[in-house]
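The values are calculated or read from the model by the stated rules, or taken from the named source; none is laboratory data. Just so you know, these numbers come straight off a predicted model, no measurement behind them. Virtual Cβ from ideal backbone geometry, glycine too; neighbours counted across all protein chains shown. For accessibility, only protein heavy atoms count, side chains too; no ligands or nucleic acids. Shrake-Rupley method; radii C 1.70, N 1.55, O 1.52, S 1.80 Å.
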Amino acid sequence: MLWRYGYRSPTTTSALVQAMINTYLNLYSTVTHWGSVEELSASLNFTEIVGQDTAAYLASQGVGDAYAYEIVEASTRVNYAQNLDKIHALEGMCSMASDGAMSIKGGNYQVFENFIRESKASLHLNTHVTALESKSAGRWQLTASKNGAAPFTEEYDAVILAAPYDSLAMTLPSSAEPVTPAPYVHLHVTLLATTSPSASAEYFNQAPGTSVPAMVLTTAQGIRAGKPAPEFNSLSYHRQLTNGEWIVKIFSMQRVEDDWLLKVFGNVGWVYRKVWDAYPQLPPTAKFNPMKLDKNLYYVNGFETFISTMETETIASRGVVDLMLREMFDEGICPSGVSEPPPEGVDFVWGWDC
Ligand SMILES: Cc1cc2nc3c(=O)[nH]c(=O)nc-3n(C[C@H](O)[C@H](O)[C@H](O)COP(=O)(O)OP(=O)(O)OC[C@H]3O[C@@H](n4cnc5c(N)ncnc54)[C@H](O)[C@@H]3O)c2cc1C
């Protein structure tokens, strides 16, 4: 690593990422209320890095091209399926911040299941909202259908849209602030089982028997040199099952066909494919979709073009709920005064400890 990239590029990148994380952590304590993503970005001093691509930002900070286009780009491609010169620098830095990531034993979905359970909200699964209409006294009427059955309507005091606007398949009322469609990355995820302990060395033009790493990431350097795009973004061996098979996950921009899998792994047991609209395209920007669309009508997913993760969507949701409570009851999530900076050294999470 030191031989190829020197000392300065890795340490500078690591310092930039740490500075970004330290600033971001203010969202848990001191930066508690914002009316728009632009306002939040400015209050965290992120406007400049969101406004430039990661390649330009790293170059401006003295990070060498080799490190930027090989190490950081491999991260932006595995995390966001986007190249270094196309993704804004805040998200580029987030791509490098996954070290030490933790997960819940049994699946992260339990976090959200418990949010629902603790909130005591009524959950309507498999229910598609098809229309939204404003009614008298500032109320909103939703039209929805459960499992494709006949539509029903329900009225609410306030509505929070918490899905990417483009996927809602719903027309907003004409009184609402317009939402600009944010194109999402169409990502092919392939999970498979194989008894091969690693991918084929021959596929990677290595001598037979050469050991292939358990995780292979890609860059766009070949494309820049006029060569074909890599056939996948990332390929990772996850774990071995008790029957001896290995579970492998592949992210790619196109479907990887069965014959390709056979060529790369030699033998393949089951294959599971899923195409996701995974995350928005994240070009440098100064503008985000509004959080408040109308009186008592809010939108969470404008935050996704700022930072796209489960954790930040949770923060965005907290911000939207705070905005809604202020509008409806003149009081945010925490009582007035609590949003002052907590005393130094106190373990305090705003909205959790108040
Ligand atoms: C393959 C992949 C890997 C990822 N890896 C990570 C990772 O490692 N870490 C991380 O933090 N993030 C990761 N993400 C991103 C993360 O999943 C998103 O940032 C997050 O799910 C966004 O949450 P959300 O609640 O805003 O939207 P979503 O999770 O998209 O939830 C929106 C919900 O609304 C529902 N919905 C849509 N339209 C309607 C309608 N009209 N009526 C009713 N319901 C509707 C949808 O069915 C969906 O359940 C990954 C995403 C993908 C696809």
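In whole Hz, with x marking every Gly and Pro, tabulate ³J(HN,Hα) for the range 207-223 from phi via Karplus 6.51 cos²θ - 1.76 cosθ + 1.60, θ = phi - 60°.
4, x, x, 5, 7, 9, x, 6, 10, 10, 10, 10, 10, 9, 5, x, 4
For the chain, what does -39500 (n - 2.57) per DSSP helix run (n ≥ 4), summed and divided by total residues, give at 222 nm, in deg cm²/dmol to the nearest 500?
Per the formula, -8000 deg cm²/dmol.
Under the rule of at least 5 residues apart or a separate chain, name every residue whose amide H is placed under 5 Å from the amide H of THR130.
THR143, ALA144, SER145
Using a 1.4 angstrom probe and counting only protein chains, how large is the accessible area of HIS186 in Å², to 10?
We get 110 Å² for HIS186.
With all protein chains present, how much of the accessible area of the range 1-84 (probe radius 1.4 Å) comes from carbon and sulfur, to the nearest whole percent?
Accessible surface attributable to carbon and sulfur in the range 1-84 totals 54 percent.
Considering all alpha-carbon pairs of the chain, what whole percent are spaced by more than 30 angstrom?
Everything past 30 Å amounts to 48 percent.
Could you please report the charge total around ASN301, scoring K, R as +1 and D, E as -1 over all other residues with beta-carbon less than 12 angstrom from its beta-carbon?
-4
How much accessible area per residue does the chain have, counting only protein heavy atoms and a probe of 1.4 Å, in square angstrom?
55
Expressed as an acute angle from 0 to 90° and rounded to the nearest 10, what is the orientation of the C-alpha long axis of helix 109-119 relative to the principal long axis of the chain?
The angle comes out near 10 degrees.
Is the shape of the range 184-280 rounded, prolate or oblate, going by the alpha carbon gyration tensor and its root eigenvalues a ≥ b ≥ c, with a/c under 1.5 for rounded and a/b larger than b/c for prolate?
Judged from the Cα gyration tensor, the range 184-280 comes out oblate (a/c at least 1.5, b/c at or above a/b).
Just the number, please: carbon plus sulfur as a percent of the accessible area of the range 199-354, 1.4 Å probe, no ligands or DNA/RNA counted.
That fraction is 56 percent.
Which angle from 0 to 90°, rounded to the nearest 10, does the C-alpha axis of helix 8-24 make with the longest principal axis of the chain?
On a 0 to 90 degree scale, this one is about 20.
By how many nm would the segment from ALA214 to GLN141 lengthen if fully extended, with 0.36 nm per residue of separation less the alpha-carbon distance?
Gain on stretching ALA214 to GLN141: 21.1 nm.
Using packing as a proxy for protection, rank 45-53, 149-157, 76-84, 11-19 so that the peptide with the highest average count of other Cβ atoms within 10 Å comes first.
Answer by packing, highest mean first, reads 76-84, 45-53, 11-19, 149-157.
Looking at the chain, which Cys residues are left with no other cysteine's beta carbon under 4.7 Å from theirs?
For the chain, the answer is CYS94, because their Cβ atoms have no other cysteine Cβ under 4.7 Å.
What does the C-alpha gyration tensor say about the overall shape of the range 274-325? Classify as rounded when a/c is under 1.5, otherwise prolate if a/b is larger than b/c, or oblate.
Since a/c reaches 1.5 and a/b is larger than b/c, the shape of the range 274-325 is classed as prolate.
I'd like the orientation of helix 310-329 relative to the chain: the angle between its Cα long axis and the longest Cα principal axis, in ° from 0 to 90, rounded to 10.
Roughly 10 degrees, rounded to the nearest 10.
If amide hydrogens are placed 1.01 Å from N in the peptide plane, which non-local residues have theirs closer than 5 Å to the one on TYR184?
Counting only residues 5 or more places away or on other chains, the set is GLN281.
Taking square-rooted eigenvalues a ≥ b ≥ c of the alpha carbon gyration tensor, is the range 2-95 rounded, prolate or oblate, where a/c under 1.5 means rounded and, failing that, a/b exceeding b/c means prolate?
Prolate shape, in that a/c is at least 1.5 and a/b is the bigger ratio.
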